[in-house]
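Heads up: the structure comes next, in C-alpha cells.
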Amino acid sequence: MKAKKQKRQGDFQKIQLKVGKKKPKAENATNVNFKSKAIHLPEQLKHADSGPTTHRQLDIKDLLSKLHHINSNIKQGALVGLRVLLSAQPTLIELHASAVLSEVAALFTDKDGSVRAAAVRLLRFIAQCISAERVAPFFPLLSAHLTCAMTHISEAIQEDALRVLDVLLEHYPGLLSQRHTVLLTNFLELISQKRKAGTGQDKSGKGGFALTISTNRSVTAQQWRLTVLLRLGSFLQAVVEERPLEEGVTSMIGLGMWAGEKGSVTSVDVSWEEHVFGKGRIQVFENSGAVPTSHSTYRLRPDSKAVAGMNKELCSAETVQGFAGTLVPLMLEIWVEAAGGDRVQTDSGHLLSAEAMALMFQILTILQLLRRLTPQRDQQDILDAWFRNSYLTDFKHHFMKNFPYGLLEVARHRKKADGKRIRQQQVAAGTVAGGNVEPLALNVTLCQVMVTLSLRGQDHVEAEDADWLGPIRGFIRETLSSGGKLSSKHLAALLEVVWRMIVTQRSRVVTDDLLQAVYVQYQQRNLAVSVRTLLLHFFSQLYIQEHQNHPHIARSRILARWLASLPVQLVQLGSRNPQLSAQLLETIHPAAARGNKDLLQSLQKNACNIYDPQEGSVVVLPVDSQKRLVQILHFLPTFPAELLACLSQVCNTGRVSASLATMLVRTIHLRSPLSGWSSSSQDVPVKDVDYLSFCFTTLTGFSSEMLQALQDTDEDGLMPSSTLSPLSVFTTTLEQFLHHWDVVEEVCHCLDSLGSRAQCFDVIQNAIIKNLCGLVVVPDCVCAAILRCVPRLLDVNFLPSDTLLHFLSDCCLSMLSLLLQLEQSARKRDAVWEACFAALSTVPRLLRLVLQSLHVGDLCEEELPVLAQILSLLLQHTQLRNHMMANASLLQHIIQDLTHFYGGETREQWLTDLLYCYSVTLSGHRANMGMRDIY
C-alpha cells in the first residue's frame, strides 16, 4: 500500500509555492509575445475638415444637432453659437438656410423662454442677411410654426410669437401678407374665443367670438389686447401695401391722401376656351388706344397659381364683411371696457388716458385698413354702405359722443414694491409703441373713419348726419385756422377729410368754409417744403379733377383767390425750389387752358416778371418748366410791347435752348392776327406794330442799347474795318452764333408766311435803315441774319432802296472777309456762306455793288491775297457764275489790276488760282452762249 501511494505521488507531484518566489511557468503555457512596427500614413489618417467652427471647435452641424437637446441651457448656447458663427462667416447663411430656418422655427414653441428669446434674436439676424426671394421657398414652414406659436396654449409662447411676427413684418411683409387667410383668424384667437354652439350671435350684434381674460399673463388684459391690435394693424398695413399694382386700382396721393375718390379701372379677363371653335374675331382694346401703363391691368386669363382664396380675400367686399363682422364687435367691447375704466378716474368723457388713447387710435386705424382691403371703387362703396348700416349708431355713441378728445394727465406715484412689476408691464405691453399717440392724431383719424360713412349729398341724408358731421367740420376749421404748424402727416389726413367732405356733401357753404380754413394754413409763412407741397397739391388736384364735375367747387371764391395768387408765388419763388415751381406750373397751365378769368388776369399782371430775361422764371427754372411757361403763352390774353420786348430778349440771351426759343417765336406768330387766324373779339392779343417790332428785334439779336454800347467797345473779338471789311465786325461765340442762327430761321419762316410780302419787306427795310445802317460796329450774327432775311422776304416786284443795298454790300463783303478767317466750326462757315450766297444771288444789283467797292489800288499788299480768295469763292460757285459773267467788265478790270500789280516773272499761287478759276468760268460761259446760239 505504501509503495503504491508513493508511486501515485510521483506521477502527480504538487509544486509547493513559496511566498516571495516567482511562480514557475506551466509546461503547456503559450508564448504570447510579439513584435510590431508603426506604419505612418499622415494624409490618409488626417481628420476631414468640417468647415468654420466656433471657439469651442463646434461647426454648424454640431450646433444644429444640439438644438434637439433636452437641456435648455445647451439649446440656448447652441443658438448663441450659431449667431456668432454666422456673424463671422456670412456665406454659411446662404448655404445652410434651409436647415437653419427649419431648426430655428421649431424653437418658436419651446417651453423655455430664454430659448425662445435666443431663437427670435437669431431669426432677426438671419432676416437681415437673406433677401425675401431667398427665403420664399422656406416661408411656408416659418408661417406654420408662427401659427402654432400664436395658437399655443401657453401665454408666454403667444407673447413671444408676436415678437417673431414683428421680425417677419419688418423684413418679409410681402411673404407674410400672402398668409393672411390663416393669420387673421389667429389674431382673433389671441384675444377671444368662439362662443358656445348654443349661444351663437345674439341680438345685440355681437359676433361669434367673445373676449377672453387670462390671469397668467405678465400684463393686464387691456395691455395685451392693445399689443395684439398693434400687430394686427401692422399686418393689415402690409396686406394693403404689398398688393400687386395691377390689383391696386385706387391711386394714392401723398400720404394716403384722397383715396377712393378717383376713378377705377376694372381688369379685363378673357377666357379663350369659350371662343376656340368660334368663327368671329375677338377684339380687345386697352386704354382706348392711349399709351399703356408700365403695370397693365389687362390679364389674358386668371392666375391659376394664386393661393386659394387670396384674390377673394383681397378684392371681395363680402369676405371683408365676414372678417369685420367678427372683429369690429370685439374692438367695440374692448373700447367699452377701456372707456369704463377711464370714467372712474375722471368725469370728463373727452379726456382719455394715454393707454385708452392708444387703444382708440389703433381701433380706428384698423377700421381704416379694413376699408382699404378692397381696392375696387365699387367694392369700397359696398363696404362703406355696410359699415354705415351696421355700425354708424355704435360709432356715434362710442366715438363721437365726446369728440374731440384730449389727454388726461395722471399723477403717477412710485411704489418700490411694485417697481419690478411696472417694468415688466412696460416691456411686455410695448408702451413706447402704443403710448405716444397725440390727441391731434387721434381726432384726425376719427374724422377720417367717420367721413367715409357719410353718403353723397342728399338733403335728407345731410340733415340726418348733421349731428356728427358738424363737430367734425368745426374741429377741422379750428385746427387749420388756429395758426399752428402741422406736420405733413397730420396735414395730409386733415386734407383727406376736407376732400371727402367737399366732394360728398356738395354744398357751396361747406366748401367755402373748409377751403377758407385750408387757405389760412396755406398763407402761413416759413412752412416746411413738404407741408407747402401737400397744400399746393391739394388745391391743384381739387381744381383739376373736380372742377367740371362739381359746380359748387368751380364757383368757390376761395379756390378762385388761390388760383389768382399762383403767378405771384411763381415770381417770388424764383429758382429757390424748382420742384415747387414745377408743381405751380402744373396747375397754372390747365387753369389757363380752361380760361380761368382770375388766373389769366393775375398772369397778365405778372407776365413781365415771369418772362424777365434776367431773373424771370422762364430763364432760371429747368427745361421742363421753361417749356410749360412757353406753352402758357398760348392762353395769355394780350401781349403788350413791354412783354414782347422781354420775350425777344429771352430768345436772344441764350438762357433757353434754341428749340424752345423757336417755339416761343412760333407761339407769338400764331397769336398775331397777321398769321391768318381770325379773331372774334375786337381786342387782338398782339398788335401788328408790336409783332413786327418783336420780329425785327429777335432777328437782330441785340437791343438798340446793346448795339450803341458796341460802338465804343475795344474788346478782343472786334475785327477792325478795312477796305475789304467796311464794317467793324464783332465776333460772337460759336454757341451764341448758332443759337441765333436757329432763331433767325424761325423768324424768317414766320415773316415769309405773312399775307403781303411787299409790305412786310418795306417794314423790315425801313427798320434796317433806321436802326442798323448808321452803325460802324456790327455783330457777325446780325450781319448773317440780315443777309439771310432780306432775300427771303424780297418780292420780285419790289426794288430795295440804295441805302439798304449799300448796307447789304458792306455786310456781305465784311462777312466774306470773316469767312476766310473762321477756324472754329464748319457749321458757322456754312451758315455765313449760305447767307452771303443767298443775298448775292437774289438781291438785284448787290453783286455789282460788291464788285464796284473792290479797288485794288486802295488795298495793301497783305489784303490782295484775301481779295483773290474772295473772287475765287464767287467764281467757283456754279449758281453765281452767270451773275459774275453779267458783271464781266468789272471782274476783268479787277483781275487786270491784280495781274498788273504782280506783273513780274514769278506769280503768287493765289493769283494763279484766281486766273485759273476765271478762265474756267469764262470758257464755260462762252460754251453755254454758243449752245444757245445753235438752238
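Within segment 575-648, the GluC sites (Glu not before Pro) that combine a DSSP coil assignment with at most 13 other C-beta atoms in a 10 angstrom radius are 615. Taking segment 754-778 and a reference point 7 angstrom along Cα→Cβ of residue 675, the backbone N atoms nearer than 19 Å belong to 754-757, 760. Computed from point charges on the beta carbon alone (+1 for Lys and Arg, -1 for Asp and Glu), the dipole magnitude for segment 476-635 about its Cα centre is near 220 Debye. Is the shape of segment 507-575 best called rounded, prolate or oblate, per the rule: a/c under 1.5 gives rounded, else a/b larger than b/c gives prolate, else oblate, with a ≥ b ≥ c the square roots of the Cα gyration tensor eigenvalues? Note, shape of segment 507-575 comes out prolate. Think of a 1.4 Å ball rolled over the protein heavy atoms: segment 650-853 then has 42 Å² of accessible area per residue. Spin-label pair residue 899-residue 386: with each label point 7 Å from Cα along the Cα-Cβ axis, the two points sit 10.7 nm from one another.
Segment 557-580 and segment 789-860 have Cα centres separated by 50 Å. The slack between residue 215 and residue 758, meaning 0.36 nm per residue of separation minus the straight C-alpha distance, is 185.1 nm. Computed packing ranks the peptides 685-695, 794-804, 552-562, 220-230 as 220-230, 685-695, 552-562, 794-804, most packed first, by mean other Cβ atoms within 10 Å. Accessible area per residue for segment 463-533, computed on protein heavy atoms with a 1.4 Å probe, is 41 Å². Packing here is the average count of other Cβ atoms within 10 Å per residue, and on that basis the peptides 133-139, 61-67, 499-505, highest first, run 499-505, 61-67, 133-139.
The distance between label points at residue 436 and residue 525 comes to 3.3 nm (points 7 Å beyond Cα on the Cα→Cβ vector). Dividing the convex hull volume of the alpha-carbon atoms in segment 716-770 by its residue count gives 111 Å³ per residue. What is segment 564-645 by shape, rounded, prolate or oblate, if you read a ≥ b ≥ c off the alpha carbon gyration tensor as root eigenvalues and call it rounded for a/c under 1.5, prolate for a/b larger than b/c, and oblate otherwise? Oblate shape, in that a/c is at least 1.5 and b/c is the bigger or equal ratio. Over segment 780-919, the pair-distance histogram of Cα-Cα distances with 5 Å bins from zero comes to 2, 9, 20, 22, 20, 14, 8, 3, 1, 0, 0 percent, rounded to whole numbers. When you filter the GluC sites (Glu not before Pro) in segment 707-788 for DSSP loop state and at most 10 other Cβ atoms inside 10 Å of their Cβ, you are left with 715. Take residue 18 and residue 703, extend 7 Å from each Cα along the Cα→Cβ direction, and tell me the distance between the two endpoints in nm. Each label point is offset 7 Å from its Cα along the Cβ direction, giving 14.5 nm. Cα centroids of segment 176-196 and segment 467-520: 37 Å apart.
For a test of the definition: using alpha carbon positions, the gyration tensor, and the 1.5 limit on a/c, classify segment 742-807 as rounded, prolate or oblate. Verdict is oblate for segment 742-807.
Taking the square roots of 5 times each eigenvalue of the Cα gyration tensor of segment 650-853, largest first, gives ellipsoid semi-axes of 28, 20, 15 Å. Protection proxy ranking of 22-35, 464-477, by the mean of other Cβ atoms within 10 Å over each peptide's residues and highest first, is 464-477, 22-35.
Between residue 352 and 406, 407, 408, the built amide H atoms are under 5 Å apart, and every one of these is 5 or more places off in sequence or on another chain.
Scaled against the 2.2 N^0.38 Å expected of a compact globular protein of N residues, the Cα radius of gyration of segment 705-796 reads 1.17. Whole Å is fine, so just give me how far the alpha carbon centre of segment 701-757 lies from that of segment 65-99. Going from one Cα centre to the other spans 81 Å.
For segment 370-387, putting each phi into the Karplus relation 6.51 cos²θ - 1.76 cosθ + 1.60 with θ = phi - 60° gives couplings of 4, 5, 7, 5, 9, x, 6, 5, 5, 5, 5, 5, 5, 5, 4, 5, 5, 4 Hz, in residue order, rounded to whole numbers and with x for Gly and Pro.
The values are calculated or read from the model by the stated rules, or taken from the named source; none is laboratory data. Computed from a predicted model, the values in this text were never measured in an experiment. Because the Cβ atoms are built from the backbone with ideal geometry, glycine has one as well, and the counts that use them run over all protein chains shown. For accessibility, only protein heavy atoms count, side chains too; no ligands or nucleic acids. Shrake-Rupley method; radii C 1.70, N 1.55, O 1.52, S 1.80 Å.
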